[in-house]
Amino acid sequence: MTIARFWRETPQRYNLGGAKCTVCQTVYFPPRSVCPSCAQHRQSLGRLEPFHLSGEGEVVTFSVVHDAAEGFEMQVPYVLAIVRTKEGPQLTGQVVDVDPSEVKIGLRVRATFRKLREEGKAGVIHYGYKFTPADEWDGRPDGRSTPAPVASEVQSAPVGGSASA
């Protein structure tokens with residue numbers, strides 16, 4: 001992925017920024033400019049507004065990856081899942097901080113902010129969301145079970161939290 005594209009997608013990757021149609025109330029991720037759910041798509045033009053997804057959801061389906069793609073060899077086995085958020089959109093992401101054998105359909109999860117990969121040894125570090133079991137969160141309003149990390153140790157801040165990148 002090019003650096004320019006990665007930076008354009010920062011709001012979605014770091015904050016789960018989507019869009020909500022003010023006509024039919026459907027939520028989309030990533031954001032879009034036209035609502036395909038509205039009977040006449042033109043009526044939704046200019047009526048989708050920014051919407052922040054909570055990151056809470058449940059596993060709809062998943063796969064345990066044993067033969068990793070390039071760059072992920074050190075992580076096998078890992079779980080790749082489709083998660084239905086409580087707002088409706090389904091996101092694809094890695095489920096971490098749990099033994100792959102414990103992941104089940106219906107597992108409640110929460111998005112967390114994590115390092116995804118690096119481009120080369122001196123390249124750009126890409127961050128984004130992954131999912132952890134929801135049991136790790138203690139219900140604090142900001143979703144954190146621990147104090148906010150400082151910039152040098154951002155590894156597991158909840159998506160959409162106050163940590164900046």
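Quick note: the coordinates plus some simple rules give every number you see, no bench work behind them. Because the structure is predicted, anything quoted here is derived from the model rather than measured. When we count neighbours, we look across all protein chains shown, and the Cβ atoms used for this are built from the backbone with ideal geometry, even at glycine.
What to note about this one:
- For a label point 7 Å along the Cα-to-beta-carbon line of residue 24, residues of region 40-80 with backbone N under 16 Å: 40-49
- Net charge contributed by nearby residues that have their C-beta within less than 13 Å of residue 44 (K/R +1, D/E -1): +3
- Residue-span extension gain [residue 39 to residue 66] - 0.36 nm each, minus C-alpha spacing: 5.4 nm
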